[in-house]
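The values are calculated or read from the model by the stated rules, or taken from the named source; none is laboratory data. What you see is a predicted model, and the numbers here were worked out from it, not measured in a lab. Cβ placement follows ideal geometry from the backbone for every residue including glycine, while neighbour counts extend to all protein chains displayed.
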Amino acid sequence: MRIPSSHQPMTTSSAPGKIILFGEHAVVYGRPALAVPVTQVQATATVSENSRGGIMIEAPNINLSAELSSLAPDHPLATIINSVFSILSISNPPPCTVYLQSTIPVASGLGSGAAVSVAIIRALSMFLGQTLSDERVNALAFKAEKLYHGTPSGIDNTVVTYGKPVYFIKRKPIKTFHVGTPFMIMIGGTGMPAPTKESVTAVRKLWESDKPHWEKIFTRVGEIVWNARQAIERGDTIELGRLMDANHSLLQQMTVSCAELDQLVEAARKSGALGAKLSGGGRGGNMIAIVEKENAPAVARALSSAGAKRTILTQVG
Ligand code: PMV
């Protein structure tokens, strides 16, 4: 263990949000999923020297202002910070303040936890005079995801670390994919926080009660994901819309949709979206719709009238 020989006075790093286009939940059981970064929302970590001593964490978004040593060791932020010290073999870190800001709504399927972790890992390691490879950043962020989510697949930390569209299979090397023609996704937020851990646990209970049945459902999701990847590669938005609808209906069977999400999905479809589904853990959080540029404002209006608390239009590719 050592004291860092030199550190920077101040460093900063940002990481994007993310959305899952296809394959959530089934991805936990080894099927593929497609996810893309959402750069309109970001988490930013700034690490600076402080003269008062200790390691301070300031996260106004979650009303946290605390010294690292006062947090429970399994607190996700404490875990992340301590794991950076540990991987860099630093036993006596210089006094510093880790300041966190995020425009990513928490517990809403936009990857806020992963983005905060990635931003802290990068800003803190740079502050300590070292740069970690993306692979190491991803591995550390995955550790924190386990605290947030229980048994995460690792998709959130992967998309957020690499900042690229990914075709993700648990424990397999990261694969990115080609976007034939850029397309637009409208994200609609229910405004209901939805802890992923709870919906993942609910699906696990279903799976444990009838593994052959749920394995079949997960395999169907996997086929949708594979077809969606091909549709994205050839720029076929009509087919993508159809596949989104099919994926949503399988997610409904997994009991991870809810009245509010279904209402937004329906409103998007009725106002001209090519297809729509929930995105992420479900039971709140966000839905997504594939839209054409011309009808994006109409879909956004329809979503707001149907109860969306916010809409974000993002381009993939
Ligand atoms: O709720 P989100 O966007 O963090 O996504 C969770 C995705 C799940 O497949 C439900 C869980 C996972 O770890 O992959």
Problem set entry | Residue count for segment 119-157, restricted to those that are in contact (Cβ under 8 Å) with a residue 40 or more places away in the chain and among the β-branched types (Val, Ile, Thr) | 4
Problem set entry | Of all residues making up segment 75-96, the number that are closer than 17 Å to GLY129 by Cβ and out of contact with any Ser or Thr (no Cβ under 9 Å at 6 or more places or on another chain) | 8
For this session: Taking the residues in segment 170-192 that are among the aliphatic types (A, V, I, L, M) and touching a Leu at 6+ places or on another chain (Cβ under 8 Å) as candidates, determine which candidate is nearest to the ligand (Cβ to nearest atom).
Result: ILE187
Exercise. Do the conditions hold for GLU58, that is, is it at pLDDT below 95 and surrounded by fewer than 17 Cβ atoms within 10 Å (Cβ to Cβ)?
Worked result: no
Exercise. Which of the residues belonging to segment 1-59 are more than 16 Å from the ligand (Cβ to nearest atom), in contact (Cβ under 8 Å) with a residue 60 or more places away in the chain and in contact with a Phe, Trp or Tyr (Cβ under 6 Å, 6 or more places away or on another chain)?
Worked result: HIS7, GLN8, THR11, THR46, VAL47
For this session: Tell me, yes or no, whether segment 125-134 has at least one residue that is near the ligand (Cβ under 10 Å from one of its atoms) and either aromatic (Phe, Trp, Tyr) or at positive phi (or both).
Result: no
Seminar exercise, completed: Scanning segment 263-315 for residues that are in contact with a Cys (Cβ under 9 Å, 6 or more places away or on another chain) and of a type outside the set (A, V, I, L, M), the one surrounded by the fewest Cβ atoms within 10 Å (Cβ to Cβ) turns out to be ARG283
Exercise. Could you count how many residues in segment 64-88 are aliphatic (A, V, I, L, M) and in contact (Cβ under 8 Å) with a residue 40 or more places away in the chain?
Worked result: 6
For this session: Select the strands (runs of 3 or more DSSP E) contained entirely in segment 23-116, then report the ones holding at least 1 residues which are hydrophobic (A, V, I, L, M, F, W, C), under 30 Å from LYS277 (Cβ atoms) and in contact with a strand residue (DSSP E or B) (Cβ under 8 Å, 6 or more places away or on another chain).
Result: 33-49
For this session: Any chance you could count how many residues in segment 117-134 are out of contact with any Leu (no Cβ under 6 Å at 6 or more places or on another chain) and part of a loop (DSSP other than H, G, I, E, B)?
Result: 4
Exercise. What tally of residues in segment 198-228 results from selecting those that are surrounded by fewer than 20 Cβ atoms within 10 Å (Cβ to Cβ) and either free of Cβ contacts under 8 Å to residues at least 40 places away in the same chain or under 16 Å from ILE20 (Cα atoms) (or both)?
Worked result: 12
For this session: Only residues that are within 10 Å of the ligand (Cβ to nearest atom) and surrounded by fewer than 16 Cβ atoms within 10 Å (Cβ to Cβ): list them for segment 147-169, please.
Result: GLY150, THR151
